[in-house]
Structure formats: C-alpha cells, structure tokens
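The values are calculated or read from the model by the stated rules, or taken from the named source; none is laboratory data. The model shown is predicted, which means the values in this text are computed figures rather than measured ones. Note that we place each Cβ from the backbone using ideal geometry, even for glycine, and neighbour counts take in every protein chain shown.
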Amino acid sequence: MITMAPLADRQPRVRFDKRYLAPLLVTLVLIVGQVTYGFLESWSRTALAIGTSIVMELVLGRLLGGRWPHLASAYVSGISIGMLVRSPEFWPYALCAAISIVSKYLIRVDGRHIWNPSNLGIVAMLVLASDTVASLSVQWGNSLLPMVVVWVFGAVIISTLGRFHITLTYVLSFLAFAALRSAVTGHPFLAEVAPITGPMYQLFIFFMITDPKTTVSPRWGQCLVAVLVAAVEAAFRLMEFVHAPYYALFVVGPTANLIEIALARRAARLAPAPAGAPLVPARPREATRVRT
C-alpha cells in the first residue's frame, strides 16, 4: 500500500543562511555612506580589497584547511578594509586584506583566532605604513537619517545573530567615557560623542567587536570585554592617539582570548577522570615501542 505524505511534508523548506546577514549589513553601510557622503577612496580600491580577501580565503582555506571555505567572512573583511583604509596608493588595500586573511590561518592558539582579522590588518598598516595609510574618519554630520537607517538594520541583524548585547554595552560605555573625557579635557560632551556617529564606528561596533571567532565565550565576559575596549580607547584618546578604537581592540581582544584559553587549559588539567573510566596500567619501559 502506497501512502502519500502530506503536501506540507513534501514541500522543500528554504532556509536562509545566517552567515549572509553580516555581508548584507556591511553592504548597507557602504551604500548609505557612499550615497550620503561619497566616502570611498575609490570603487576600484574597495574592489581590490574584496577580491584579495576572497582569493586569499579560497587559497588558504583549500591548502591549509583542506576544503573550500564559506566566503561571507572574507567579503566582510574585504569590504571593511575597502571602506576603512585611506591611501592614495593601491597596494595598501591588497596588503591589508592579505594580512587580515593570513592571520586567520596562521595566528591561532588551540585552534582559535586571537585577533579580529580586519583589526589586525588595519593596525599593521597604520603602524608599518603610517606615511601612506590613514583611516576613515568621516562623520554623518547633522543628518541623522543615515545613522538611523544603519542602526535599525544593524540592531535587527546583530540581534538575530545573538551579538547585540556586545554592541549595546560598548555604545553605553563609550557614552559614559565620553562624559568623563569631557570633564577631564573641558571639551563639549557632544564633541566627545561625535566620533561614534561616523561610518567607521558603525563597522567597528557591528563587526569588529562582535566577531564570533574572536570574542570570549561567556555572555558576561563579552560585555566585560566591550567595557574594557571602551575604557582603553578612552585612555588612548586622552593620550591623543589618532586611531584609538583600533589600538584598544588590538590590545584588549587578544588579551581576553588568551586569558580564556589559559583558564580552559587549567580546567582541563584539573578535571577529574570520568567516573567508571577503566584504569589502564602503564606499560613496562622495555615493552614500550616508538612508532615512526
């Protein structure tokens, strides 16, 4: 007897891959910023950064990972570099993208990424090629609409990915430290807050500090790291560091990851053997064979 499955059971289910949400958001930031202010150095430089990121991801993923990688992360890194890097030359865009992707495969501890790839690449370029490379610093100005559009879509997307608490914690911390900096320096409060209205900060708060591969595991730990990034950034700003947010994440992010890795190693060493596990007697020395 042949039974027909209900129609609902036979219809294919279309599931949206959440890994495409971040590329959609970063593309929105690009479009809104470009339409509003034309903040790109050039489309060709941005395309070079994206292309380099994707090619490096494909090559290294296949050679070192043994598989063809998903390209959403590489696209986000490339487009972020294309927007954030400022240089009259083309080579810094390609080199920054290459450094970012290579770091994902070569700089790891216990299989984990330590630095956010884009953050590492940009800091490397700002330090090594400071005479040629700068960073995006355009603000949305008096027009709130572009920032509102980005924030609404960004909040929805990052909430869907379960990372909005990191963004919100950082923003609230930034505002608190902006008030502190205003009291210390005598600058107007709005002048201290103004940087967070720029497109650079939209990339920073929605992508760099929320990157799942380079953030600690506990939710409370993620919030604590966000506060510490804002605190170190505030200190760097008081010391008049031009690229304070990049440097703050460059210092705090890896430190937090390394501490979590060290604690995990210690917990593994101190963990008791599972109950009921058979005790295997050690082999006599003379019976031990070395395999080559």
Practice prompt. Scan the range 54-63 and give yes if some residue there is under 24 Å from P146 (Cβ atoms), surrounded by fewer than 20 Cβ atoms within 10 Å (Cβ to Cβ) and aliphatic (A, V, I, L, M), otherwise no.
Written response: no
Worksheet, complete the sentence: Reported set for the range 165-199 where residues are under 18 Å from the mean Cα position of the chain (by Cα) and over 28 Å from L40 (Cβ atoms) is H165, L168, T169
Discussion item. Go through the range 131-149 and report how many residues are at pLDDT 80 or above and either among the aromatic types (F, W, Y) or farther than 26 Å from E57 by Cα (or both).
Written reply: 1
Practice prompt. Determine whether I107 is out of contact with any Cys (no Cβ under 7 Å at 6 or more places or on another chain) and surrounded by 21 or more Cβ atoms within 10 Å (Cβ to Cβ).
Written response: no
Worksheet entry | Tally, over the range 186-219, of residues that are touching a helix residue (DSSP H, G or I) at 6+ places or on another chain (Cβ under 7 Å), in a helix (DSSP H, G or I) and either over 17 Å from L28 (Cα atoms) or of a type in the set (F, W, Y) (or both) | 11
Item to complete: Provide a single number: the residues in the range 107-124 that are part of a loop (DSSP other than H, G, I, E, B) and free of Cβ contacts under 8 Å to residues at least 24 places away in the same chain.
Response: 2
Practice prompt. Would you check if I50 is in contact with a Ser or Thr (Cβ under 9 Å, 6 or more places away or on another chain) and crowded, with 17+ Cβ neighbours inside 10 Å?
Written response: yes
Worksheet item: Would the range 244-263 turn up any residue that is hydroxyl-bearing (S, T, Y), closer than 18 Å to S159 by Cα and in a helix (DSSP H, G or I)?
Response: no
Discussion item. Condition check: at pLDDT 95 or above and in contact with a strand residue (DSSP E or B) (Cβ under 9 Å, 6 or more places away or on another chain). Does L258 satisfy that?
Written reply: yes
Worksheet item: Applying the selection to the range 20-43, what residues are touching a Phe, Trp or Tyr at 6+ places or on another chain (Cβ under 8 Å) and of a type in the set (S, T, N, Q)?
Response: T36
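Condition check ((1) of a type in the set (K, R); (2) in contact with a helix residue (DSSP H, G or I) (Cβ under 9 Å, 6 or more places away or on another chain); (3) buried (at least 21 other Cβ atoms within 10 Å of the Cβ); (4) touching a residue at least 12 places away in the same chain (Cβ under 8 Å)) across all residues:
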residue	(1), (2), (3), (4)
H70	no, yes, no, yes
I81	no, yes, yes, yes
P88	no, no, no, yes
A97	no, yes, yes, yes
S130	no, no, no, no
V133	no, yes, yes, yes
Discussion item. Can you tell me which of (1) in a loop (DSSP other than H, G, I, E, B); (2) among the hydrophobic types (A, V, I, L, M, F, W, C); (3) modelled with pLDDT of 95 or more is the one A97 doesn't meet?
Written reply: (1)
Worksheet item: Which condition number does K104 fail, the rest of (1) over 16 Å from L203 (Cα atoms); (2) assigned to a loop (DSSP other than H, G, I, E, B) being met?
Response: (2)
